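Laboratory data are not the source of any read-out in this text; all were calculated from the coordinates shown. Computed from a predicted structure; not experimentally measured. All Cβ positions, even for glycine, are placed from backbone atoms using ideal geometry, and neighbour counts span all protein chains on display.
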Amino acid sequence: MEPNRQKGKQKIRLILEIVTVTALGLALISAMTVVTLRLIHCFHPALFLLPLRSGIPLILIGLSFACLQFAVRRTPSQCVLGLCVSVAFMLWGVEQFLPNPAMVLFIDDVVVFLFVLDLGIVIWGLLLKGKKEERVSDHSSLP
């Protein structure tokens with residue numbers, strides 16, 4: 001690979017790492033802020049006029065995880081699974097700001113589908129890996 005191309009890839013990875021860490025930090029700060037404000041709201045309901053929503057932390061953590069897929073080396077299947085979860089979190093955050101109840105329900109269904117698909121693939125992969133390891137240990141115990 002050309003040295004300039006390698007340097008370009010390193011710069012892109014660095015930018016993605018910076019976005020990953022920044023979005024992660026902002027997600028944590030905004031999530032803590034929402035929880036703190038929600039707790040205060042429990043004791044002083046009239047204090048806040050605007051409704052509190054966790055959409056921003058969800059969008060930010062989804063963005064952080066999406067950038068991470070390209071910032072570190074991962075297999076293509078790991079990258080796809082990571083992007084599925086990232087999109088699910090971002091959609092979950094976006095739907096909290098939508099006024100259309102039918103669209104909110106549709107996005108909720110898509111989010112659930114992405115989470116179920118992701119965990120289903122992980123579970124299936126672990127089951128297959130366990131079967132493969134059983135076969136290897138069965139064959140290694142033969143005389």
Between [x] 1.04; [y] 1.15; [z] 1.08, which entry matches Rg/Rh (Cα atoms, Kirkwood Rh) as derived from the coordinates of this structure? [y]
Hey, rough spin-label estimate for F115 and R135, points 7 angstrom out along Cα→Cβ, what's it come to in nanometres? 3.4 nm
Under 13 Å, Cβ to Cβ, from L114 - net charge with Lys/Arg +1 and Asp/Glu -1: -4
What nm distance separates the two modelled labels at L49 and I123, each placed 7 Å from Cα along Cα→Cβ? 4.8 nm
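Taking a ≥ b ≥ c as the square roots of the Cα gyration tensor eigenvalues, with a/c under 1.5 meaning rounded and otherwise prolate when a/b beats b/c, else oblate, which class fits the stretch 31-108? Mind showing how you got there, number by number?
Working: a/c = 4.31, a/b = 1.86, b/c = 2.32.
Oblate, because a/c is 1.5 or more while a/b does not exceed b/c.
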Applying a 10 Å radius around every beta-carbon, put 99-109, 73-83 in order of their mean neighbour count, most first. 73-83, 99-109
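Quick one: W124, W92, fewest Cβ neighbours within 10 Å first, how do they rank?
Details: W124 10, W92 22.
Neighbour counts put them in this order, fewest first: W124, W92.
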In whole Hz, with x marking every Gly and Pro, tabulate ³J(HN,Hα) for the stretch 93-100 from phi via Karplus 6.51 cos²θ - 1.76 cosθ + 1.60, θ = phi - 60°. x, 5, 4, 5, 9, 8, x, 7
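With 10 angstrom as the radius, rank F115, F48, F89, F43 by how many other C-beta atoms surround their C-beta, starting from the fewest.
Working: F115 15, F48 12, F89 24, F43 7.
Ascending Cβ contact count within 10 Å gives the list F43, F48, F115, F89.
Multiply the residue separation of R38 and V104 by 0.36 nm, subtract the distance between their alpha-carbon atoms, and state the gained length in nm to one decimal. Don't jump to the answer; show the numbers that get you there.
Numbers: separation 66, 0.36 × 66 = 23.76 nm, distance 2.21 nm.
Residue separation times 0.36 nm, minus the Cα-Cα distance, leaves 21.6 nm.
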